[in-house]
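The values are calculated or read from the model by the stated rules, or taken from the named source; none is laboratory data. The shown structure was predicted, so the numbers you read here are calculated from the model rather than taken from an experiment. Cβ atoms come from the backbone with ideal geometry, glycine included; neighbour counts cover every protein chain shown. Note: accessible area is taken over every heavy atom of the protein model, side chains too, but ligands, DNA and RNA are not part of it. Shrake-Rupley method; radii C 1.70, N 1.55, O 1.52, S 1.80 Å.
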Amino acid sequence: MELSPVNWTAGIINAFGVEPALPLLGQAAPTGFSLDFSQIAPNIPFILQGVWVTLGFTLVSAAIGFTWGTILSIFKISKFKPLRWFADFYTSVFRGTPLILQLAIIYFSTPQLIGYSIPAFQAGVITFSLNSAAYSSETIRGGIMAVDKGQREAAMSMGVAYPLMMWDIILPQAFKNILPALVNESIALLKDSSLVSTVGALDLMRRGQIVAAEKFIYFEPLLIVGLVYYIMVMTFTMLSRRLERRMRKSD
Amino acid sequence: MIRTEFLSKSFGKLNVLKDISTEIKKGEVVAIIGPSGCGKSTFLRCLNLLETPTRGRIYIDGQDITAPNVDIKDVRQNIGMVFQHFNLFPHMTVLENLTYAPLKVKKVPKAQAQQRAMDLLHRVGLEEKAEVYPSRLSGGQKQRVAIARSLAMEPQVMLFDEPTSALDPEMVKEVLDVMKALAQTQITMAIVTHEMGFAREVADRIIFLDNGNIAEDAPPEVFFSNPKSERACQFLEKVL
């Protein structure tokens, strides 16, 4: 399913609806509002395999991003000022520049800088992890600050060490309070992962574009892609609701 | 057991404690009373360094805990504290609240920690609540669990910071009863309280703080019937 540069470009342009389809290879594209999935039916499994790629990006990036975000949030409340400066500067950079630019820099500059031709999956995971850490660190910091300071004092008064207190007492309460916000962040991450299609990773989005460009049928494959994203987000929302209910059992 | 020398604490320009020098002996029960803002909670919180003193020294069992090389975590294991707002860990059951610090800080074996926790819950009359979360308890029950949680570390000193101030009136007695029973044991207790009747009945000594100074330090029978300082007279007139 590899593409020549010419019809790949056409595919991109048309996928975003900039220009009407040009039947470069002489195939006649049907017009009008009729939906015809029969022509792309054999390609649907190819599109659906993108679910695993997209899920892989999202889960790995969320796991690394939230871990790094937690560490950054602890830097942000540290008494040691250079750690705070670092974390604040880090956040400002990743929030202050477009995600697609960050991805392009990591994907295209890594070979130039260190001579390592970075695979698209790695570049994507690194970018999304670093980026979502910046956003989630603010959320987590807010969650930590919202935990009653009496909790800290109770732990301290029994001689509990700071890292243990953070891990066992403060963070579990903080995460419970910010779970909805983190779910939001994960959903944004899942959808933003479609940006890896711009560096050639075969995720859901790019697979839709490939099929579209191959067959000169745009609406149907992209509609399928949209539907799959929607179902993934809905499933994810449902699972997180369930998790939230379980965590509320101590209330 | 506890000795302070010229203990002072300022918050910015506000001098909350001014050169407090006193001693609490082993097994003694001391009630610290005084008008609000007199520094009594701050004094108590200095004793386990939840507040860092601005000046002065604090000796626990002869050890200067304000010295720079002291690991305060070790000292705190030996000093239990009960707070006005209980501060139970809401995401843990009652039993987990009681066993957490013994398991994680003192590294007591699990079976032993649980056994001790159940004994303590029995002592405060809440054995049947071991598996519930704190949100299911009334204020009085929460405070009894909080007392048991502090005792689970087997401290030699217990600090009480207005333990009944956040309770509904009908729940005050159950907490005071637990504290009375505790006072009969050999544990050293320092209690910041507004419960004058309780202080009179249970304390061996009353420390009356006013404006960051010890205005009076006397046995309860002397303090309540024959106070020396004018400030204490005024205070007692209002509260008794």
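How big is the Kirkwood radius of the range A:198-251, worked out from every pair of different alpha carbons and given in Å to one decimal?
Computed over the range A:198-251, the radius equals 13.2 Å.
What percent of all Cα-Cα pairs in the range A:113-201 falls in each 10 Å bin, counting up from 0?
Histogramming the range A:113-201 at 10 Å steps yields 15, 33, 23, 18, 9, 1 percent.
Return an integer: the convex hull volume of the alpha-carbon atoms of the range B:1-60, in Å³ per residue.
75 Å³
Would you be so kind as to list the residues of the range A:157-201 that have their accessible area lowered by at least 50 Å² in the full protein complex compared with their chain by itself (1.4 Å probe)?
A:SER157, A:MET158, A:GLY159, A:ASP168, A:ILE169
I'd like the distance between the alpha-carbon centres of the range B:40-60 and the range A:88-154, rounded to an integer number of Å.
Taking the Cα centre of each part, the range B:40-60 and the range A:88-154 sit 42 Å apart.
About its Cα centre, what dipole magnitude does the range A:79-193 give when the only charges are +1 on Lys and Arg Cβ and -1 on Asp and Glu Cβ, stated in debye to the nearest 20?
Here the size comes out at about 220 debye.
Taking a temperature of 20 °C and a viscosity of 1.002 mPa s, what whole-number D in µm²/s does Stokes-Einstein yield for the range B:143-240 with Rh from Kirkwood over alpha carbon pairs?
This corresponds to a translational diffusion coefficient of 148 µm²/s.
For the range B:55-117, what size does the Cα cloud have along each of its three principal axes, sorted from largest down, in whole Å?
Taking max minus min along each principal axis of the Cα atoms, the range B:55-117 gives 40, 29, 16 Å.
Above 31 angstrom, tally the Cα pairs of chain B and express them as a % of all pairs, no decimals.
23 percent
Please compute the alpha carbon radius of gyration of chain A, then divide it by the globular-protein estimate 2.2 N^0.38 Å. Two decimals is fine.
Cα-based Rg divided by the globular estimate yields 1.25.
Please give the calculated 222 nm ellipticity per residue for the protein assembly as shown, where each DSSP H segment of at least 4 residues contributes -39500 (n - 2.57) and the sum is spread over every residue; nearest 500 deg cm²/dmol?
Per the formula, -17500 deg cm²/dmol.
Tell me: how much accessible area in total is hidden between A and B, 1.4 Å probe, Å², nearest 100?
Heavy-atom accessible area buried at this interface is about 1900 Å².
I need the fraction of alpha carbon pairs in the range A:144-244 separated by more than 22 Å, rounded to a whole percent.
The share of Cα pairs beyond 22 Å in the range A:144-244 comes to 53 percent.
Please give the FRET efficiency for B:CYS233 paired with B:THR185, using the beta carbon to beta carbon distance and R0 = 35 Å, rounded to the nearest 0.05.
0.55
Among DSSP bridges having both ends in chain B, what percentage is antiparallel? Round to the nearest 5.
Bridges in chain B are about 55 percent antiparallel.
Report the charge-dipole magnitude of chain A in Debye, nearest 20, computed about the Cα centre from +1 at each Lys and Arg Cβ and -1 at each Asp and Glu Cβ.
980 debye
Considering only B:PRO220, B:SER135, B:HIS194, whose Cα is most displaced toward the positive end of the charge dipole of the range B:116-240, charges sitting on Cβ of Lys, Arg (+1) and Asp, Glu (-1)?
Checking the options against the dipole of the range B:116-240, the answer is B:SER135.
Report the gain in length on full extension from B:GLN112 to B:THR52: 0.36 nm times residue separation, minus Cα-Cα distance, nm rounded to one decimal.
Result for the pair: 18.2 nm of gain on full extension.
Let me know the charge dipole size of chain B about its Cα centre in debye, to the nearest 20, where only the beta-carbon of Lys, Arg (+1) and Asp, Glu (-1) is charged.
Charge dipole, chain B, about its Cα centre: 620 debye, nearest 20.
Please express the shape of the range A:32-123 as an equivalent ellipsoid: the semi-axes are the square roots of 5 times the eigenvalues of the C-alpha gyration tensor, given largest first in whole angstrom.
After diagonalising the Cα gyration tensor, the semi-axes are 38, 18, 14 Å.
Using Cα centres only, tell me the gap between the range A:52-66 and the range B:153-181 in whole Å.
If you average the Cα positions of each part, the centres end up 50 Å apart.
Of the options B:LEU182, B:THR164, B:VAL145, report the single residue whose Cα projects farthest towards the positive end of the charge dipole of the range B:144-190 (beta-carbon charges: Lys, Arg +1; Asp, Glu -1).
Final value for the positive-end residue is B:LEU182.
Just order A:124-137, B:106-119 by mean Cβ neighbour count inside 10 Å, highest at the front, would you?
Result, highest mean first: A:124-137, B:106-119.
For the protein assembly as shown, which semi-axes, largest first and in whole Å, follow from the square roots of 5 times the eigenvalues of its Cα gyration tensor?
Here the semi-axes work out to 65, 24, 18 Å.
Please report the projected area of the range B:5-104's Cα convex hull averaged over all directions, in nm².
Mean shadow area of the hull around the Cα atoms is 8.2 nm².
Once you have the alpha carbon radius of gyration of the range A:114-156, what is it after dividing by 2.2 N^0.38 Å, with N set to its residue count?
So the range A:114-156 has a normalised radius of gyration of 1.94.
Please sort by residue number the chymotrypsin sites (Phe, Trp or Tyr not before Pro) in the range A:32-116 whose DSSP state is loop and whose Cβ has at most 11 other Cβ atoms within 10 Å.
Sites meeting the loop and neighbour criteria: A:PHE33, A:PHE80, A:TYR116.
What do you get for Rg/Rh over the range A:46-194 if you use C-alpha atoms and the Kirkwood form of Rh?
For the range A:46-194, the value is 1.05.
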